[in-house]
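Participant: Can you keep this structure in mind? I'll have questions shortly.
Every read-out reported here was derived from the displayed coordinates using simple, explicitly stated rules and does not represent laboratory data. Keep in mind that this is a model prediction, so the values were computed, not measured. Positions of Cβ are generated from backbone atoms using ideal geometry, with glycine treated the same way; all protein chains shown enter the neighbour counts.
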Amino acid sequence: MRIDEYKDMIYACGRCNFCRGQEFNERCPEVFTQYWESSTARGRMAIARGILEGKLKYSEDLAERIFGCFMCARCREECKKAAQIDVIAITKAMREDFVEQGIPIPVEGAQMADSAYESGNIFQESAKAHSAWASGLQFESGSGILFYPGCLASHRFKEKTNILVRVLQAAGYKLDFLGDDQKCCGTPFWISGKMEHATKWVQDYVDMLSERGVKEIITPCPSCFRAFDEEYPSILGVETLPFKVKHTSEVLEEIIERGKLELKNSIDVVVTYHDPCEIGRYKEIYESPRKVIKALPGIKFVEMDRVRADAFCCGGGGGVKLMFSEHSEKVSAERLVHVQATDAEILSTICPACEMNLTHAVYKADAPIRVLDIAELVAVSAGIVDEEILDPYYIPDD
Ligand code: SF4
Ligand code: SF4
């Protein structure tokens, strides 16, 4: 069993309750949605201990406990003050054990991984559909800087992704793009525990990018960013890869700081910012997006409740959006409450999954709030797109 590797950590849990907090919605979105003690990080450590001691067995009854975790890492952050348990690594190991023991996982999780493997993207669409967002853009094959949007940005946010590339190109970046050769980064494999194809997938990707001369990847997706930055080296057992990866928020910060774009338009709106878990707590990128927003003329920036390491998940993490959509919706509705308390007109973020969840929450609540990537704010300020995209009732050309 994979959890054997984490035995010391599992036994280190002192049930201190830091990871849960006193209120149901205080820290862990999983317990906020499921209410069970077994839905908390410390509950999962007790389950893992029971399995290690042979008192419990993996079974379908445990699926919601193990696959209902948003992998938001709020508990891991809190556990830094306690036993320093890597709850995310243990949850991933439990998911892998599930699959290895042949116990059915939630069908949507299995489908996501199978779609990625079979069609190259999680939506089971054609390679042409996967690259349709790039229509009208010119790329420079072999430039060494690869723009890698990932599945969600490619399929669900075609217009946003097109705008983002126009911003980067206007700032002088010569971008390569894989076109119809782009495939999913592989995140669905480690989210679902279906790792049988992961090593070959990752090795093939690294070989393909090396042959193409890629030295740097720029991606707007925190999951893809973490895939190339952390999961690939870990799966291949290497310290470094032949390329580096940057998240677009870091690139936008560089663009602003070096004055690579003229920010000529004033944007007179109130903007707040949601920290995505995988770019915030996982990678500690908190300041780059804030610096970008604050540099744009006219914007009034307001912080919402629970930010940076304390941020509440958008509801989209860990595959829960697919596997337990009602839990996901409850969490995104709660996050929207934090947004509405600021009176912001624009909710900005830097993650396609967060944008999707929070946009759904906004639609459901019929709230006059527009959810945007910070690149879209930069695009308006630099005159690359019209300010009509700021309108809460704007319909993207997707
Ligand atoms: S914070 Fe860590 S040690 Fe404390 S109960 Fe949670 S998992 Fe256990
Ligand atoms: S990762 Fe997030 S959802 Fe999962 S147990 Fe920890 S706080 Fe709860």
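Participant: Label region 107-252 by shape, choosing from rounded, prolate and oblate, from the square roots a ≥ b ≥ c of the eigenvalues of the Cα gyration tensor; if a/c is under 1.5 it is rounded, and otherwise prolate applies when a/b is larger than b/c, oblate when it is not.
Facilitator: Oblate, because a/c is 1.5 or more while a/b does not exceed b/c.
Participant: Tell me which lysines have Cα within less than 28 Å of residue 364's Cα, excluding those fewer than 8 residues away on the same chain?
Facilitator: 158, 160, 300, 321, 330
Participant: Separate question: Using 0.36 nm per residue of separation minus the Cα-Cα distance, give me the extension gain between residue 128 and residue 111 in nm, one decimal.
Facilitator: Between residue 128 and residue 111, full extension yields an extra 4.0 nm.
Participant: Same structure, new question: Need the list of lysines near residue 57 for cross-linking: C-alpha distance under 24 angstrom, and skip anything on the same chain fewer than eight residues off.
Facilitator: Leaving aside lysines fewer than 8 places away in the same chain, those within reach of residue 57 are 7, 92, 194.
Participant: Whole Å is fine, so just give me how far the alpha carbon centre of region 291-309 lies from that of region 192-226.
Facilitator: About 32 Å separates the Cα centre of region 291-309 from the one of region 192-226.
Participant: Can I ask one more? So which DSSP H runs in the chain come out at 24 Å plus along the axis (Cα) with average Kyte-Doolittle of at least -1.0?
Facilitator: Membrane-span-like by this criterion, though nothing is claimed about a membrane: none.
Participant: Leaving out same-chain residues fewer than 8 places away, which aspartates and glutamates sit with a Cα under 20 Å from that of residue 55?
Facilitator: 4, 5, 8, 37, 64, 96, 97, 100
Participant: For the chain, list the cysteines whose Cβ sits under 4.7 Å from no other cysteine Cβ?
Facilitator: 13, 16, 28, 69, 79, 151, 184
Participant: Once R0 is set to 25 Å, what does the formula 1/(1 + (r/R0)^6) return for the Cβ-Cβ distance between residue 22 and residue 49, expressed as a FRET efficiency to the nearest 0.05?
Facilitator: Approximately 0.55, to the nearest 0.05.
Participant: Let me ask something else about it. Just grab the label-to-label distance for residue 11 and residue 204, each label 7 Å out from Cα along the Cβ direction, in nm (one decimal).
Facilitator: For the pair residue 11/residue 204, the computed spacing is 4.2 nm.
Participant: Turning to a different aspect of this structure: Just 305, 275, 373 to compare: in a GNM of the chain, with alpha carbon springs under 10 Å, which one fluctuates most?
Facilitator: It is 305.
Participant: Related question: Looking only at 209, 347, 377, which one moves most when the chain is put into a Gaussian network model with springs between Cα atoms under 10 Å?
Facilitator: Checking each option, the largest mean-square fluctuation is seen for 209.
Participant: For the chain, what is the calculated [θ] at 222 nm in deg cm²/dmol (nearest 500), taking -39500 (n - 2.57) for each run of four or more DSSP H residues and dividing by its residue count?
Facilitator: -12500 deg cm²/dmol, from helical runs alone.
Participant: Using r as the Cβ-Cβ distance of residue 86 and residue 388, and R0 as 56 Å, what FRET efficiency do you calculate, to the nearest 0.05?
Facilitator: 0.80
Participant: Now for a separate question. Between 144, 319, 68, which gets the highest mean-square fluctuation from a Gaussian network model of the chain, Cα cutoff 10 Å?
Facilitator: Looking only at 144, 319, 68, the biggest GNM fluctuation is shown by 144.
Participant: For the chain, what does the relative contact order come out to in percent, with C-alpha contacts under 8 Å and a separation of six or more?
Facilitator: 17
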